[in-house]
1. When the Karplus curve 6.51 cos²θ - 1.76 cosθ + 1.60 is applied with θ = phi - 60°, which whole-Hz ³J(HN,Hα) does each residue of the range 29-38 get, with x for Gly and Pro?
2. What's the extension gain from residue 77 to residue 56 if we count 0.36 nm per residue and subtract their Cα-Cα distance?
3. In nm, to one decimal, how far is the modelled label at residue 65 from the one at residue 29, with both set 7 Å along Cα→Cβ?
Amino acid sequence: DHLSRILPSKVERAHPTMMNADMDAVEAENQVELEEKTRLINQVLELQHTLEDLSARVDAVKEENLKLKSENQVLGQYIENLMSASSVFQTTDTKSKRK
């Protein structure tokens, strides 16, 4: 323990500029790594929000689609009822059945 406290200071006194340059390089590398991690985290968060938005849109479109299908069924039934009640379509049906 005593040697580990003494040795770094002797090495530092022997090559102070080299130690500072190495430490600066390590700090710069750590800073670049931190910036890259931060950028990636922000990108992941942005993608998560985009995915949530898209999922919500898909759910809304599915719901709208079901509603429209139901409305189409009602309209189809309504048109069918109108056609069967109309004399114009009944005579056409009757003529086509006779032929």
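1. Per residue, the Karplus-derived 3J(HN,Hα) values read 5, 4, 5, 4, 4, 5, 5, 5, 4, 4 Hz.
2. The residue 77-residue 56 span can extend by a further 4.4 nm.
3. With each label placed 7 Å out from Cα toward Cβ, I get 5.2 nm.
Every read-out reported here was derived from the displayed coordinates using simple, explicitly stated rules and does not represent laboratory data. Just so it is clear, the structure is predicted and the values come from calculations on it, not from any experiment. Cβ coordinates were reconstructed from backbone atoms using ideal geometry, including for glycine residues, and neighbour counts include every protein chain displayed.
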